Every structure is written in C-alpha cells, then in structure tokens.
Amino acid sequence: MRSAKLFQYQLPMDSGVILRDQRLITREGWVIELCQDQQRAYGEIAPLPEFSVETATEAGEQAQQLLSQWVAGETLDLDVALPSVAFGISCALAELAAELPATGNYLVAPLCSGDPDDLVVRLNQMPGEKVAKIKVGMYEAVRDGIVANMLLEAIPDMQLRLDANRQWTPLKAQQFAKYIRPEHRSGIAFLEEPCREPSDSLAFAQQTGINIAWDETVRDAGFEVKAEPGVAAIIIKPTLIGSLERCISLIEQAHAAGLIAVISSSIESSLGLNQLARLAQWQTPNVIPGLDTMQLFQAQLMQSWPGCELPVIPLSELDVVWQK
Ligand SMILES: O=C(O)CCC(=O)C1=CC=C[C@@H](O)[C@@H]1C(=O)O
Ligand SMILES: [Mg+2]
C-alpha cells in the first residue's frame, strides 16, 4: 500500500539575502511525504528563484503528477523531471529504500559575503582543515583581490574557495589576480566561474595559476566532465541538477577525471540541507561541502541543523495541498 502527501512551506529569510538581482524575503517550496508499508519518508522540492529553470508552482504541479504515478505503483523516470522535483522525490525514495546513510558531514565551508574579520574568527575555531568560501564579483575586483590576499596572509594554512558567479570580464578577473601575491595563489583551492564565458575562465586559470571550478557551467547544455588544465573542481547543487542518481553519476565522473566534487546548497531548508550533508558524507567523504546557508534563514523546517538554534517549524504546521 502506497500513499503520498504534498505540503507547502514558506520560511522567513534573514534580511540581507540577495539572489542575483532580487532580495529573497521568503523561501518557498514543497515537502513530499511518501508512505509505504508503515514507512514514511520525506523530500524537499524548492526551486531557487533566479537559479532554477522552473518555478515553485511548476514544480508543485509536476510533483503531484509524479506522486500520483508512484502511488499507482508505476516506476518514475526522474531523468525527464524538473531538477528540483527529481532531487526531492529521489531523496524521499532513497530514504524509503534506506539507501541514503544517516551520517552527515556537517563540517561546512564558512561562507562570507560581508566582513572578512568575522571569517578569521570562525576559521580560527574550525577543527582540522581550514576551508572558507567568499563571494567576489559584487564590488570592485581590486577590493576582492585585497580581501582575498589579506585572508591568505592572515591564515596561511587555509584553503580559500572564491565564487565570482560569472561576474567578471577577463580584464576585471586580471585586476583581481594582480592583487593575489603569486606565493598565495596555491592557497586558493579554486575560484568558481570567474567570467561569463567558460573559455575566458579557462584562459584566466591558465594565465594566472589560480585554479577554477565549474558551477553554472555544469548546468549548461552539452557540459561534459573532463580534466582540463586549471580546473580543480565541479560544484554540484542537487536542487538545480536533478536526481540523486544524476548527482552521483556526476560525482563519479569528476573523480574519474581527477576533479574534486563539492556538494553545495541551493538554499534549501534544514530538511533538504540535512539530506545534502548526508549525501556529501556518503559520496564525497573527504571534501568539505558548501552547505553554510542555514545562517540565511530565520527558521528551520521539521528537523534542526546541528548547532543551529533557530525555531523549528513542525510538519503539522504546514498546509497539506494535495494527497492520494
Ligand atoms: O556553495 C556554497 O558554499 C553555498 C551556496 C552558495 O554559495 C550559493 C547557493 C545558491 C545560490 C547562490 O546564492 C550561491 C552561489 O552563488 O553559488
Ligand atoms: Mg556560485
């Protein structure tokens, strides 16, 4: 016997969360509940505005169709589903089949988009490998270069991840690199997507000796995982990519090509974020995931993220919008 429910959630965000051109005031999404033989499992479907191709409404409609098929005993083809829907349903199915191990990697790369001094404090408290991520490309490239160089000097054993989200022209990327002393460049684990054109990002990596990582490019049509000079990693944001199977296949291809695969958040609630931490521990156990996004919320959903004291909204407070 199978049954399924779809719940809708809305969570208040911290005041300063900006996604590309818009402020994210409320995070909206769906929670699915699958029930089979007295077992219950959950998944989160939350397209990220400005990043996902689908809207929350489209995802909710498709989720209802696929859940109906599942209740009717059909096998789902998640390869053709919308990415956020494929991710949420595949997580719930993996929970039902006890395939997603319970242990998570909660040691995340601290994310800094504001005051670099806060980051120094957090890094000094971090056990083991010191990895942090800073957003660049939002202000002057020169300022970004100075900040990154300052951090690399202040914490010599740090591996810094930078993320420009394709904001720089080749010239601006060069202006940034000019401020990073050559002896500090190896302290940059990678710089995600410096330029609009992937070919410009590749040329930048080869000219400056600063490794890059693909994130947006992974979602471009025709992308193939391959080893290229100057490319260190691929970033995997499952909500934007698709099913667990698809993510695991990309991780395996990355490893075969000698690249690091980093599981990263698309600003899911604590429910989805916990599942991502478990996916990271399972498939990329030696890599610190990019999951430091709970701080962007004002509330958690159903379960808490380790160490996070925000109030937790229980499932019983969500509206059931569909069930079968
Ligand atoms: O990768 C991380 O460490 C955290 C996730 C993160 O930085 C992002 C998630 C989703 C959208 C963006 O705001 C941002 C990114 O640009 O990658
Ligand atoms: Mg990015």
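Data overview
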item: Leu111 being of a type outside the set (S, T, N, Q) and farther than 24 Å from Phe7 by Cβ; result: yes
item: Unmet criterion (only one of (1) within 16 Å of ligand 1 (Cβ to nearest atom); (2) more than 20 Å from Leu291 (Cβ to Cβ); (3) buried (at least 20 other Cβ atoms within 10 Å of the Cβ)) for Val131; result: (2)
item: Qualifying residue in the range 104-121 (condition: part of a helix (DSSP H, G or I), touching a Pro at 6+ places or on another chain (Cβ under 7 Å) and crowded, with 17+ Cβ neighbours inside 10 Å); result: yes
item: Residue ID - nearest to Thr239 (Cα to Cα), chosen from residues in the range 45-85 that are among the hydroxyl-bearing types (Ser, Thr, Tyr) and part of a loop (DSSP other than H, G, I, E, B); result: Ser52
item: Check on Trp30, in a helix (DSSP H, G or I), aromatic (Phe, Trp, Tyr) and either more than 24 Å from Asp215 (Cβ to Cβ) or at pLDDT below 95 (or both); result: no
item: Residue in the range 13-35 that is within 16 Å of ligand 2 (Cβ to nearest atom) and either over 20 Å from the mean Cα position of the chain (by Cα) or under 24 Å from Gln281 (Cβ atoms) (or both) present; result: no
item: Selected residue (criterion: farthest from ligand 2 (Cβ to nearest atom)) from residues of the range 138-177 that are assigned to a strand (DSSP E or B) and closer than 11 Å to Ile188 by Cβ; result: Met158
item: Criterion (acidic (Asp, Glu), touching a residue at least 60 places away in the same chain (Cβ under 8 Å), farther than 27 Å from Gln65 by Cβ and out of contact with any Lys or Arg (no Cβ under 6 Å at 6 or more places or on another chain)) met by exactly one of Asp292, Asp319; result: Asp292
item: Meets criteria (among the acidic types (Asp, Glu), over 15 Å from Leu315 (Cα atoms) and either surrounded by 15 or more Cβ atoms within 10 Å (Cβ to Cβ) or away from ligand 2 (no atom under 16 Å from the Cβ) (or both)) for Asp77; result: yes
item: The range 217-261, subset among the acidic types (Asp, Glu) and farther than 23 Å from Gln275 by Cβ, residue nearest to the chain's Cα centre (by Cα); result: Asp220
item: All positions within the range 283-295 that are outside any loop (DSSP other than H, G, I, E, B), surrounded by 17 or more Cβ atoms within 10 Å (Cβ to Cβ) and in contact with a Leu (Cβ under 8 Å, 6 or more places away or on another chain); result: Gly290, Met294
item: Lone qualifier among Lys133, Lys172 - being of a type in the set (Lys, Arg) and in contact (Cβ under 8 Å) with a residue 60 or more places away in the chain; result: Lys133
item: Answer residue from the range 189-216, given it is hydrophobic (A, V, I, L, M, F, W, C) and within 14 Å of the chain's Cα centre (by Cα) and is farthest from ligand 1 (Cβ to nearest atom) among those; result: Trp214
item: Whichever residue in the range 178-202 is under 15 Å from Gly230 (Cα atoms) and of a type in the set (A, V, I, L, M, F, W, C) and, among such residues, is farthest from ligand 2 (Cβ to nearest atom); result: Leu202
item: Number of the condition not met by Ser68 [criteria: (1) within 27 Å of Trp282 (Cα to Cα); (2) surrounded by fewer than 18 Cβ atoms within 10 Å (Cβ to Cβ)]; result: (1)
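Conditions (1) polar (S, T, N, Q); (2) touching a strand residue (DSSP E or B) at 6+ places or on another chain (Cβ under 8 Å), marked per residue:
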{"residue": "Pro238", "(1), (2)": "no, yes"}
{"residue": "Leu244", "(1), (2)": "no, no"}
{"residue": "Ser249", "(1), (2)": "yes, no"}
{"residue": "Ala256", "(1), (2)": "no, no"}
{"residue": "Ser264", "(1), (2)": "yes, yes"}
{"residue": "Ser270", "(1), (2)": "yes, yes"}
{"residue": "Leu273", "(1), (2)": "no, no"}
{"residue": "Leu279", "(1), (2)": "no, yes"}
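Per-residue answers, yes or no, for (1) within 16 Å of ligand 2 (Cβ to nearest atom); (2) among the β-branched types (Val, Ile, Thr); (3) surrounded by 23 or more Cβ atoms within 10 Å (Cβ to Cβ); (4) not in a helix (DSSP H, G or I):
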| site | (1), (2), (3), (4) |
| --- | --- |
| Val225 | no, yes, no, yes |
| Pro229 | no, no, no, yes |
| Ala232 | yes, no, no, yes |
| Leu240 | yes, no, no, no |
| Ile248 | no, yes, no, no |
| Gly272 | no, no, yes, no |
| Gln281 | no, no, no, no |
| Ser304 | no, no, no, yes |
| Cys308 | no, no, no, yes |
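The values are calculated or read from the model by the stated rules, or taken from the named source; none is laboratory data. Just so we're clear, the structure is a prediction, and the values are computed from it rather than from any experiment. With ideal geometry, Cβ positions are generated from the backbone for all residues, glycine too; neighbour counts draw on all protein chains shown.
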